[in-house]
1. Please work out the ratio of the alpha-carbon Rg of chain A to 2.2 N^0.38 Å and round it to two decimals.
2. Would you kindly derive the ³J(HN,Hα) couplings of the stretch A:97-109 from the backbone phi angles with the Karplus curve 6.51 cos²θ - 1.76 cosθ + 1.60 (θ = phi - 60°), listing them in order in whole Hz, with x for Gly and Pro?
3. Just from the alpha-carbon atoms, what are the Rg and Dmax of the stretch B:217-286 in angstroms?
4. Give me the accessible area of A:T264, 1.4 Å probe, in Å² rounded to the nearest 10.
5. Would you pull out the residues with amide H under 5 Å of A:V249's amide H, same chain only if 5 or more places away, H placed 1.01 Å from N?
6. Using alpha carbons only, how many angstrom separate the centre of the stretch A:62-103 from the centre of the stretch A:205-235?
7. To one decimal place, what Kirkwood hydrodynamic radius in Å is obtained for the stretch A:120-276 from all pairs of distinct Cα atoms?
8. Looking at B:S323, A:S132, B:L217, which one has the Cα that reaches farthest to the positive end of the dipole of the protein assembly as shown (charges on Cβ: Lys, Arg +1; Asp, Glu -1)?
Amino acid sequence: MRLAYSYSCLVSTLVASLLFISCSKETDDAIDPNATNSVAIEFENRVGDQKLVLGTPAYKNAAGEPFALTKLNYFISNIALRKEDGTVQQFPNQYFLIRQTDSQSQLITLKDVPSGNYSDITFTIGVDSVKSLSPVAERVGVLDITSYGDDGMYWNWNSGYIFFKIEGTSTAIPTTANANQQFGIHVGGYGGGWNGSPKTVNNLRTVTLSMPTKATVRSNIAPTVHLLVDALKVFDGPNKISLAKTNSVHMPAAATPVADNYKTMFQVDHVHNDKQ
Amino acid sequence: MAGLRYWFMKNWIDLRATIRLTGLCLLVAGCQTTAPDAQPDEPFVKPANFPEPVYALDKNRPTTAGMLLGRALFYDGILSRDGTISCAECHNQTYAFTHHQHDVSHGIDNKVGTRNSMPLQNLAWETNFFWDGGVHDLDLVPIAPIENPVEMDETSTNVIQKLRKSPKYPPLFKAAFGTDEINGPRFLQALSQFMLTLVSGNSRYDKWVRKEPGGTLTDEEQAGLTAFRAKCSGCHAGELFTDNSFRNNGLFIQGSRDEGRAHVTELAQDRYKFKVPSLRNIEKTLPYMHDGRFYSLDAVLTHYADNVQPTDNLDPILQTGGSFGQSRPGIPLTSDEKRQIIAFLKTLTDDQFLRDPRFVEP
């Protein structure tokens, strides 16, 4: 009796869901205010118009300096998506660490995004001051300061996350500056101000990018926003940075021109709105 | 022997805690099934003459099991790359948990740093850590020495992995946190729980303030206290003997030319400012200053009386025409005053703290 009942339940659910699917297929553009889906964001790191491969000395900056990269890591947080009608959907308390050596980290997913047509994406490069000052128990996942291994994404002598880290080698670097011609550019600095401390340099940067095609979130569409991230902009942004001169950056004030540069390195290349 | 009896009398409360603690040790080690003592489990106790602590105790209140775990970690070389350097290497209880006889600290492979180790005491009352205040939360301190290439030269990620693999630690984490999961936040909180219990508030001076037995100060010491209040307490203020601020006390700029606070804030007005240190147990924490340049309290007082330099950001109190109407930078001190101040400073030695069995290497 029970079995028969649950069986019929199952059948009716199946029928209902079939009905539902065929229904929503027909009304592609209708936005169901109750439906949500996820949005994936893919960070494809490049150097100019070349694929970024760590260790390959195939790149050259505007100063004509050849270089190879050995590390590229950065935090992304405080993502927001803006609908075409201007309403903004925020994703607070979600932090992502994009690491060149870990392809999984380059695809991040926002869950429970309301249906709608999204035209812009905003995010912060780094970890905001609130989280930078939060108790250790709240620092989980990519914010766990003991989780970085050799990546070392935390300044332990000046409590704060390293928002952005790029390292490599260049034959343009004088061996007097670095015997192995290595460079290390670390950007952090959330603005200080704890326990009555003075305000210090703030290198948090927020970018807003418009999408060439809207991301159309539906019950059956989980868009993927594909970003191109051009590491060459770290040197060739609004500020021109020469590795011969600037090859060791480990303090917030010196890092500000770099932060202003990498703010320009993101662009939305395309959006996938494939049906599931 | 009489000394021992005196010690027992004075330390009955602490002794009870120790006995409880030892019971717990046995419990952890021997898996006994007897119910633990029903006494409140509060290894952190605020001395009556201290202000309220600033550490967020509600987020990480020390328990006996947490403190025991923290102590085990504090004394364990497993926190360093090659297993040779524990926190205690540079923070030795006998000297109020500082590195004795080293002006600047010696770490792994006998590498030397640029700063003098600091005593670890009354950390629950500190708002910023290190000579330059670079770390704003006690829980965030340990990764600095662990990951410093001249101190312990290890990644904290690897420390957590080593702890997970060791047979010793999972049961200790279980006792402290309820499950045997070992993770970064728990590791850091346990170390804090131990460090928070390092409270020094039973010096002869404290007993005098609290009018407790044994709390006597000689005339010389009382004269020293009066002189100290007039000449030093503008910075070394209150019962912790620091106002937790950063100031330039006019040392010659020498050696590594450490810019102190400016290293962290990158602000010109912070150059050569260092944390005003507490003076508790000062008799035991030599050498003195951020780079350990003075080997005696005499040398310190000679500095204040004769050698204060008008360097950038010299504290207004110490400038010509400052708090003492002085005709040149520094603090006018007679030789009597110097002697009396030193006599007073020695009353801040807390033998009970320096020998407390709860803090000894397990």
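1. 1.21
2. Values, residue by residue: 10, 8, 10, 4, 7, 10, 5, 4, 5, 7, 10, 10, 10 Hz.
3. Looking at the stretch B:217-286, its Cα Rg and Dmax stand at 14.7, 46 Å.
4. Around 60 Å² of this residue is reachable by solvent.
5. Long-range HN contacts for A:V249: A:G184, A:I185, A:H186.
6. Here the answer is 10 Å between Cα centres.
7. 17.7 Å
8. Working it through, the farthest residue towards the positive pole turns out to be B:L217.
The values are calculated or read from the model by the stated rules, or taken from the named source; none is laboratory data. Bear in mind the structure is a predicted one, so any value in this text is a computation, not a measurement. Note: ideal-geometry Cβ built from the backbone for every residue, glycine included; neighbour counts use all protein chains shown. All accessible areas refer to the heavy atoms of the entire protein, side chains included, with ligands and DNA or RNA removed. Shrake-Rupley method; radii C 1.70, N 1.55, O 1.52, S 1.80 Å.
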